[in-house]
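The values are calculated or read from the model by the stated rules, or taken from the named source; none is laboratory data. Note that this is a predicted model, so its numbers are computed, not measured. We place every Cβ from the backbone using ideal geometry, glycine too, and count neighbours over all the protein chains shown. Side chains included, ligands, DNA and RNA excluded: accessible areas come from the protein's heavy atoms. Shrake-Rupley method; radii C 1.70, N 1.55, O 1.52, S 1.80 Å.
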Amino acid sequence: MRTQVVVIGGGPSGLLLSQLLHVHGIDSVVLERKTKDYVLSRIRAGVLEQGFVNLMEQAGVANRLRSEGFKHDGTLIAFEDESFRIDFREHTGTPVLVYGQTEVTRDLYEAREATGGKIIFNTDDVAIHDADTDTPCVTFTVDGQQQRIDTDFVAGCDGFHGISRQTIPLSVRREYEKVYPFGWLGLLSETPPVHEELIYSLSRRGFALCSMRNENLSRYYIQCSLSDNPDDWTDSAFWNELKRRIPQEFADRIVTGPSIEKSIAPLRSFVTEPMHWGRLFLCGDAAHIVPPTGAKGLNTAASDVHYLHNALREFYETGSSEGIDSYSQNALARIWKAERFSWWFSSLLHRFPDQSDFDLKMQRAEIDFLRTNKAAQKAMAENYVGLPYCWVEPRRYR
Ligand code: RFL
Ligand code: PHB
């Protein structure tokens, strides 16, 4: 088999890349380790930046997102029993869109299937060969049969635990990491959200987040210990703890119900450099992870896809490799800023096991500064709605 781009990973970054390449007449084959149902069962991101929405438009997959997504013009930050609002519209003129990653992925699968996209599920033993030459290939097994695809480029969109990043030799690759000493316990329930906007809350007992998917589907998170097991948290224990971590007015009003999903996610900041080796390009969680506090994971995956699909398009349309050569530099310039924001917002809102009284005073002062200072609110809002996509070097495609 031969194609122009092998995309490893059928998560949101791999599917979006493959669909955008298709729009520009570039062939790709997507290899996914799991089944489609498995990928669609993962409950993950819920907040999309406008840049992500624009890419979905360019990919021709924004119909449902436009009609069913919810525009949010701001968010509440709560500290103990008080809350204040950051107004995205006032500070940036831009809202964010609440629309679940599961739905984004479903829309992308439908579009790929409708446009004849080739996706091979249940692939095992995926290996990238000769990525540092002009003639790379990818081998894998499916249904016990070994297969090989010759290709011009390989896009490693296979998430944090994928094989693509490991293909880049350690002599070339440098990794930066911070692991946080807690996790998030998330619960999904078919109940109306407690508030029309998200509530990020810090209390003496730790962090809590009230989020949503639609008018009758709520997503809540609480900071938990890394040694906790979701099965040890009964629904009522979860709801009780959540209520103790959000201001009383919301605790009094929250509608509780049985969980339809409950899971624990660890929190990590991670970046690998470079994101490019020969003809292999990393995209999304394969190259970087953020703690979920700033809602940046899926959105940074999308900005990589923006830079990579334009670079590949430039290569096929003009023969220039300028875009692919500067992909890593351009993508990383934006990634590090999203890493900074996610790290800052996580530090602001969680209780850390080793926090001294001085640290607690600093955290309180920082929240108070954000509450009272318009410039600080503007900086927060600009980062939350998403920094612009721009090229470090001026480029033809924007
Ligand atoms: P994914 O989604 O992990 O997809 C990678 C795909 O690759 C497949 N794969 C392989 N396929 C073939 N061969 C191999 N060897 C393979 N190894 C792996 C996997 O099966 C999978 O299908 O990475 P991608 O596409 O880069 O997308 C990244 C996002 O999923 C991730 O950044 C976000 O979910 C992070 N995130 C959030 N991001 C936001 O922008 N906004 C949010 O509100 C937000 N909330 C969250 C989140 C992540 C969370 N968790 C569970 C980590 C909330 C949570 C709780
Ligand atoms: C979510 O709804 O899953 C969500 C929203 C905002 C975040 C993280 C997760 O910061």
Wholly inside the range 308-398, helices (runs of 4 or more DSSP H) that include 2 or more residues that are of a type in the set (Asp, Glu) are 322-325, 357-372
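Check whether at least one residue in the range 169-179 is open to solvent by less than 10 Å² (accessible area, probe 1.4 Å), in contact with a strand residue (DSSP E or B) (Cβ under 7 Å, 6 or more places away or on another chain) and either over 23 Å from Glu80 (Cβ atoms) or within 13 Å of ligand 1 (Cβ to nearest atom) (or both), and report yes or no.
Checking the range 169-179: not a single residue is open to solvent by less than 10 Å² (accessible area, probe 1.4 Å), in contact with a strand residue (DSSP E or B) (Cβ under 7 Å, 6 or more places away or on another chain) and either over 23 Å from Glu80 (Cβ atoms) or within 13 Å of ligand 1 (Cβ to nearest atom) (or both).
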Among the residues of the range 228-240, is there at least one that is open to solvent by 30 Å² or more (accessible area, probe 1.4 Å), under 30 Å from Thr135 (Cα atoms) and touching a residue at least 40 places away in the same chain (Cβ under 8 Å)? no
Please go through the range 126-143 and pick out each residue that is without any contact (Cβ under 8 Å) to a residue 24 or more places away in the chain, over 11 Å from Val154 (Cα atoms) and surrounded by fewer than 15 Cβ atoms within 10 Å (Cβ to Cβ). Thr139, Thr141, Asp143
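Does Glu314 satisfy the criteria of being more than 16 Å from ligand 2 (Cβ to nearest atom), acidic (Asp, Glu) and touching a helix residue (DSSP H, G or I) at 6+ places or on another chain (Cβ under 6 Å)? If you could, list the steps in order and put the result at the bottom.
On the way: more than 16 Å from ligand 2 (Cβ to nearest atom): yes; acidic (Asp, Glu): yes; touching a helix residue (DSSP H, G or I) at 6+ places or on another chain (Cβ under 6 Å): yes.
So Glu314 fits the description; yes.
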Condition test on Ser236, is it within 16 Å of ligand 2 (Cβ to nearest atom), more than 20 Å from Gly11 (Cα to Cα) and hydroxyl-bearing (Ser, Thr, Tyr)? no
Restricting the search to the range 67-121, which residues are over 30 Å from Arg364 (Cβ atoms), open to solvent by 10 Å² or more (accessible area, probe 1.4 Å) and aliphatic (A, V, I, L, M)? Leu97, Ala111, Ala114, Ile119, Ile120
Are any of the residues in the range 97-118 under 27 Å from Gln248 (Cα atoms), more than 23 Å from the chain's Cα centre (by Cα) and charged (D, E, K, R)? no
Before we move on, is Glu110 outside any strand (DSSP E or B) and either within 16 Å of ligand 2 (Cβ to nearest atom) or in contact with an Asp or Glu (Cβ under 8 Å, 6 or more places away or on another chain) (or both)? no
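May I ask you to list the residues in the range 54-81 that are in a strand (DSSP E or B) and touching a helix residue (DSSP H, G or I) at 6+ places or on another chain (Cβ under 6 Å)?
Those that are in a strand (DSSP E or B) and touching a helix residue (DSSP H, G or I) at 6+ places or on another chain (Cβ under 6 Å): Gly74, Phe79.
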Output yes when any residue across the range 84-104 is assigned to a strand (DSSP E or B), modelled with pLDDT of 95 or more, more than 16 Å from ligand 2 (Cβ to nearest atom) and of a type outside the set (Phe, Trp, Tyr), and no when none is. yes
What are the residues in the range 330-367 that are without any contact (Cβ under 8 Å) to a residue 60 or more places away in the chain, open to solvent by less than 10 Å² (accessible area, probe 1.4 Å) and either charged (D, E, K, R) or farther than 22 Å from Lys178 by Cα (or both), if any? none
Quick one: count up the residues across the range 257-286 that are in contact with a Phe, Trp or Tyr (Cβ under 8 Å, 6 or more places away or on another chain) and open to solvent by 60 Å² or more (accessible area, probe 1.4 Å). 2
Of the residues in the range 319-329, those that are open to solvent by less than 20 Å² (accessible area, probe 1.4 Å) and either of a type in the set (Ser, Thr, Tyr) or under 17 Å from Arg174 (Cα atoms) (or both) number 3
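Tell me, which residue of the range 22-49 that is within 26 Å of Tyr389 (Cα to Cα) and within 16 Å of ligand 2 (Cβ to nearest atom) is surrounded by the fewest Cβ atoms within 10 Å (Cβ to Cβ)?
Filtering the range 22-49 down to residues within 26 Å of Tyr389 (Cα to Cα) leaves 22-28, 30, 44-49.
Subsequent filtering for residues that are within 16 Å of ligand 2 (Cβ to nearest atom) retains 44-49.
On the way: Arg44: 18, Ala45: 21, Gly46: 24, Val47: 25, Leu48: 24, Glu49: 25.
If we take residues in the range 22-49 being within 26 Å of Tyr389 (Cα to Cα) and within 16 Å of ligand 2 (Cβ to nearest atom), then Arg44 is surrounded by the fewest Cβ atoms within 10 Å (Cβ to Cβ).
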Is it the case that Ala311 is among the hydrophobic types (A, V, I, L, M, F, W, C) and in contact with a Lys or Arg (Cβ under 7 Å, 6 or more places away or on another chain)? no
